[in-house]
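Enquirer: Structure provided below as structure tokens; questions to follow.
The values are calculated or read from the model by the stated rules, or taken from the named source; none is laboratory data. For clarity, every value in this text was computed on a predicted model and none was experimentally measured. Counting neighbours? That spans all protein chains shown, and the Cβs are built from the backbone with ideal geometry, glycine included.
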Amino acid sequence: MAEKIKLINDDGLRTDGRKPDELRPIRIEAGVLANADGSAYLEWGANKVLVAVYGPREAQPKYLQDPMKAIVQVNYNMAAFSSEERVRPGPNRRATEISKITAEALENVIITNNFPRASIDVFIEVLEADAGTRCAGLTAAAVAVADAGIPMTDLVAACAVGKADGQLLLDLGKKEDNFGEADMPIGIAPRTGDIVLLQMDGDMTQEEMRKALRMGMDASRKIHELQTDALRRRYAVNFADMDDGEAVQ
Amino acid sequence: MVQSDNVQRTDRVLVVPGDKLGDSSYKPGTGTFRKDSEIFAAQLGILNIRSGFINVIPAGGIYQPRQGDSVIGMVQDIGPSNWMVDINCPYTAFLHANETQWKVDFGTAGQYLGVGDIILAKIGQVDETKRVNLTMKEQGLRKMGSGQITKIAHTKVPRVIGKGGSMIALLKEHTGCRIFVGQNGVIWMDGEFEGMKKAAAAVQLIDHGTQLHGLTDSVREFLSGNGGASAGQSQPVGKMTFDIGIKRE
């Protein structure tokens, strides 16, 4: 694409005033929906994402059931009003792809062997989109799954790294996404550092790719702290008086 | 707080999936997993170390059937000599006529238990694909002829019972109801209508309660504060569910 827009100014700052390795402000709340088994709300810059988790529950239709483990089903959906241009409601090629990669990322950390024949259903609703919604959705989904009390070996934190004006940029904004040279979303399991999501659009040199991976993983670790903080805030008060007991007749 | 000898109380530490809890000097208990001789949290919950085991008492989540649990279920479907029972978990439980005190002729199961009937049962077996078998052979396990049920999070069952059964004794005393608490979070109660209304409201208060300490006192206040008909009007009690009407034999 022809570079008509200047994405980095003479001071080395980006169009929204961020430094190249600076994240947008992120806020996460866990347990926001009363009728879901687990839920999370996330604001990431101008992105607003709501996630609901149901289950584990019996997988329907029955042929989807796996007798050895639970299946993870994700539905990523952009609200019609989420973007500047109206989004035509219903599944499309992009939403189907994001649903699939998010489910596969979550399957890496959820201990699915505990729930044979069951399904864990994750609904990601993008209320407002401003680049990086797949990372925002995955980050919020991990919090919602943990909030649902589902056993997992780790959370998943995700962040995109891209390239614009020949420079690596963390957490691309909308203009950088549209007019930049590359966009690479990275999702990791922070405890182990395992990469559970990696995609790339555009091109980078090998050296840039290595550096971008490092930037994305460092940022994901910061996001992981926000995730655990959100989960701790949710239950800080609620379970202070808990005791074990037996059911009595 | 009374402590028995082998109980080590940790100070209500809230853990998040992926948190490191200990090394190989402990054994991994419920809600944890072991990786390379280190023990990590698998669930969001409260850390509990007891007789060499590290456990996480889950803060939320759906009930998972365990052998020997007393549960309250609702008959969902009738077979020729068996019933399928909803026990508030991801899997429908199976109750065979041989596991009841009745002598059921083939094809006559419906004469003993109908769809919508409430039963008090025990979980006999749970196999590796989480097929749940119920039993009603033990003393006290039976069909409930009357009364109503209300549901709470199974993690709050110990709070409804209280230390040494103090909370449930309080509920019974103030409402004049007979109350059974299933470990699956289903509570059955029977008595005068006003008493049941009061008991259901108190149970929901416990379920949604966020008090740090002294829950028993606040429930006592609630039960004796608004006597008789006005019970539950001024208190935020959350949603109430009445799954069956009052039915007298």
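Enquirer: Can you tell me which residue within the range A:47-83, out of those that are of a type in the set (D, E, K, R) and out of contact with any helix residue (DSSP H, G or I) (no Cβ under 9 Å at 6 or more places or on another chain), is surrounded by the fewest Cβ atoms within 10 Å (Cβ to Cβ)? So that I can check it myself, show each step before the final result.
Expert: Taking the range A:47-83 as the starting set, the residues that turn out to be of a type in the set (D, E, K, R) are A:48, A:57-58, A:62, A:66, A:69.
Now narrow it down to the ones that are out of contact with any helix residue (DSSP H, G or I) (no Cβ under 9 Å at 6 or more places or on another chain): A:57-58, A:62.
Numbers: A:Arg57: 17, A:Glu58: 15, A:Lys62: 8.
The qualifying residue surrounded by the fewest Cβ atoms within 10 Å (Cβ to Cβ) is A:Lys62.
Enquirer: Turning to a different aspect of this structure: When you go through B:Glu192, B:Glu138 one by one, which is the residue that is in contact (Cβ under 8 Å) with a residue 12 or more places away in the chain, out of contact with any helix residue (DSSP H, G or I) (no Cβ under 9 Å at 6 or more places or on another chain) and of a type outside the set (Ser, Thr, Tyr)? Even if it seems obvious, please write down each step before you answer.
Expert: Details: B:Glu192 fails: out of contact with any helix residue (DSSP H, G or I) (no Cβ under 9 Å at 6 or more places or on another chain).
The conditions single out B:Glu138.
Enquirer: Based on what the data block shows, is A:Arg94 in a helix (DSSP H, G or I), more than 14 Å from chain B (Cβ to nearest Cβ) and either under 10 Å from the mean Cα position of the chain (by Cα) or under 18 Å from A:Leu226 (Cβ atoms) (or both)?
Expert: When the stated conditions are applied, A:Arg94 does not pass them.
Enquirer: State the number of residues belonging to the range A:28-65 that are within 16 Å of A:Val156 (Cα to Cα) and free of Cβ contacts under 8 Å to residues at least 24 places away in the same chain.
Expert: So the answer is 0.
Enquirer: Check B:Pro90 against each of (1) under 18 Å from the mean Cα position of the chain (by Cα); (2) not aromatic (Phe, Trp, Tyr); (3) not in a loop (DSSP other than H, G, I, E, B) and name the one condition it does not meet.
Expert: (3)
Enquirer: Select from the range A:191-227 the residues that are outside any helix (DSSP H, G or I) and hydroxyl-bearing (Ser, Thr, Tyr) and list them in ascending order.
Expert: Let us first name the residues in the range A:191-227 that are outside any helix (DSSP H, G or I), namely A:191-205.
Within the range A:191-227, A:Thr192, A:Thr205 qualify.
Enquirer: Here's another thing I want to ask about it. When you go through (1) assigned to a loop (DSSP other than H, G, I, E, B); (2) buried (at least 19 other Cβ atoms within 10 Å of the Cβ) one by one for A:Thr139, which number turns out not to apply?
Expert: Every condition holds for A:Thr139 apart from (1).
Enquirer: Checking B:Ser166 against (1) more than 9 Å from chain A (Cβ to nearest Cβ); (2) of a type in the set (Ser, Thr, Tyr); (3) closer than 30 Å to B:Leu95 by Cα: exactly one of these is not met. Which one?
Expert: Single failed check for B:Ser166: (3).
Enquirer: While we're looking at this one, here's another question. Pull up the range B:118-138, narrow it to residues that are away from every other protein chain (no Cβ under 14 Å) and within 17 Å of B:Gly185 (Cα to Cα), then point me to the one that is surrounded by the fewest Cβ atoms within 10 Å (Cβ to Cβ). Can you show your working first?
Expert: Quick first cut of the range B:118-138, residues away from every other protein chain (no Cβ under 14 Å) only: B:118, B:124-125, B:133-135, B:137.
Then drop every residue that is not within 17 Å of B:Gly185 (Cα to Cα), which leaves B:118, B:134.
Details: B:Ile118: 24, B:Leu134: 26.
For the range B:118-138, the residue satisfying everything is B:Ile118.
Enquirer: I'd like the full set of residues that are among the aromatic types (Phe, Trp, Tyr) and within 10 Å of chain B (Cβ to nearest Cβ), limited to the range A:40-76. Before the answer, list the steps.
Expert: Of the range A:40-76, the ones among the aromatic types (Phe, Trp, Tyr) are A:41, A:44, A:54, A:63, A:76.
A:Tyr54, the sole residue that qualifies.
Yes or no, residue by residue, for (1) surrounded by fewer than 20 Cβ atoms within 10 Å (Cβ to Cβ); (2) hydroxyl-bearing (Ser, Thr, Tyr); (3) within 23 Å of the chain's Cα centre (by Cα); (4) at the interface with chain A (Cβ under 10 Å from one of its Cβ atoms):
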{"residue": "B:Arg12", "(1), (2), (3), (4)": "yes, no, yes, yes"}
{"residue": "B:Lys20", "(1), (2), (3), (4)": "yes, no, no, yes"}
{"residue": "B:Ser24", "(1), (2), (3), (4)": "yes, yes, no, no"}
{"residue": "B:Thr32", "(1), (2), (3), (4)": "no, yes, yes, yes"}
{"residue": "B:Ser37", "(1), (2), (3), (4)": "yes, yes, no, no"}
{"residue": "B:Ala42", "(1), (2), (3), (4)": "no, no, yes, yes"}
{"residue": "B:Ile46", "(1), (2), (3), (4)": "no, no, yes, yes"}
{"residue": "B:Ser51", "(1), (2), (3), (4)": "yes, yes, no, no"}
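Enquirer: Determine whether A:Gly187 is buried (at least 23 other Cβ atoms within 10 Å of the Cβ), within 30 Å of A:Ile120 (Cβ to Cβ), within 14 Å of chain B (Cβ to nearest Cβ) and out of contact with any Asp or Glu (no Cβ under 6 Å at 6 or more places or on another chain). Talk me through it step by step, then tell me what you get.
Expert: Values: buried (at least 23 other Cβ atoms within 10 Å of the Cβ): yes; within 30 Å of A:Ile120 (Cβ to Cβ): yes; within 14 Å of chain B (Cβ to nearest Cβ): no; out of contact with any Asp or Glu (no Cβ under 6 Å at 6 or more places or on another chain): yes.
No; evaluated as a whole, the condition is false for this residue.
Enquirer: Separate question: What is the one condition in (1) surrounded by fewer than 19 Cβ atoms within 10 Å (Cβ to Cβ); (2) closer than 17 Å to B:Gln64 by Cα that B:Ile152 does not satisfy?
Expert: (1)
Enquirer: Would you be able to tell me the number of residues in the range B:85-110 that are hydroxyl-bearing (Ser, Thr, Tyr) and within 11 Å of chain A (Cβ to nearest Cβ)?
Expert: Residues meeting the conditions: 2.
Enquirer: State whether one or more residues within the range B:1-8 are at pLDDT 90 or above and surrounded by 12 or more Cβ atoms within 10 Å (Cβ to Cβ). Break it down into steps so the answer makes sense when it comes.
Expert: So in the range B:1-8, the residues at pLDDT 90 or above come out as none.
The answer is no, given that none of the residues of the range B:1-8 is at pLDDT 90 or above and surrounded by 12 or more Cβ atoms within 10 Å (Cβ to Cβ).
Enquirer: Just checking, does the range B:71-84 include any residue being polar (S, T, N, Q), within 15 Å of the chain's Cα centre (by Cα), surrounded by fewer than 21 Cβ atoms within 10 Å (Cβ to Cβ) and within 12 Å of chain A (Cβ to nearest Cβ)?
Expert: Quick first cut of the range B:71-84, residues polar (S, T, N, Q) only: B:76, B:81-82.
Within this subset, residues satisfying the condition of being within 15 Å of the chain's Cα centre (by Cα) are none.
So far as the range B:71-84 goes, no, none of its residues is polar (S, T, N, Q), within 15 Å of the chain's Cα centre (by Cα), surrounded by fewer than 21 Cβ atoms within 10 Å (Cβ to Cβ) and within 12 Å of chain A (Cβ to nearest Cβ).
Enquirer: Still on this structure, I have one more. If you scan the range A:97-117, which residues turn out to be touching a helix residue (DSSP H, G or I) at 6+ places or on another chain (Cβ under 7 Å), farther than 10 Å from A:Val74 by Cα and either more than 14 Å from chain B (Cβ to nearest Cβ) or touching a residue at least 60 places away in the same chain (Cβ under 8 Å) (or both)?
Expert: Of everything in the range A:97-117, just one residue is touching a helix residue (DSSP H, G or I) at 6+ places or on another chain (Cβ under 7 Å), farther than 10 Å from A:Val74 by Cα and either more than 14 Å from chain B (Cβ to nearest Cβ) or touching a residue at least 60 places away in the same chain (Cβ under 8 Å) (or both), namely A:Ala105.
Enquirer: While we're looking at this one, here's another question. May I ask you to verify whether A:Gly202 is closer than 26 Å to B:Leu14 by Cα and either away from chain B (no Cβ under 14 Å) or buried (at least 24 other Cβ atoms within 10 Å of the Cβ) (or both)?
Expert: Numbers: closer than 26 Å to B:Leu14 by Cα: no; either away from chain B (no Cβ under 14 Å) or buried (at least 24 other Cβ atoms within 10 Å of the Cβ) (or both): yes.
Here the answer is no, as A:Gly202 does not meet what is asked.
Enquirer: Has the range A:151-160 got any residue that is buried (at least 19 other Cβ atoms within 10 Å of the Cβ) and of a type in the set (Asp, Glu)? Reasoning before the result, please.
Expert: Restricting attention to the range A:151-160, the residues satisfying the condition of being buried (at least 19 other Cβ atoms within 10 Å of the Cβ) are A:151-160.
Checking which are of a type in the set (Asp, Glu) leaves us with A:154.
Within the range A:151-160, one or more residues are buried (at least 19 other Cβ atoms within 10 Å of the Cβ) and of a type in the set (Asp, Glu).
Enquirer: Can I ask one more? So A:Ile120 passes all but one of these: (1) within 14 Å of chain B (Cβ to nearest Cβ); (2) assigned to a helix (DSSP H, G or I). Which condition number does it fail?
Expert: Among (1) within 14 Å of chain B (Cβ to nearest Cβ); (2) assigned to a helix (DSSP H, G or I), the lone unmet condition for A:Ile120 is (2).
Enquirer: Under 19 Å from the mean Cα position of the chain (by Cα), within 14 Å of A:Leu50 (Cα to Cα) and assigned to a helix (DSSP H, G or I): is that true of A:Arg134 in this structure? I'd like the intermediate steps shown before the answer.
Expert: Numbers: under 19 Å from the mean Cα position of the chain (by Cα): yes; within 14 Å of A:Leu50 (Cα to Cα): yes; assigned to a helix (DSSP H, G or I): yes.
For A:Arg134, the condition - under 19 Å from the mean Cα position of the chain (by Cα), within 14 Å of A:Leu50 (Cα to Cα) and assigned to a helix (DSSP H, G or I) - is met.
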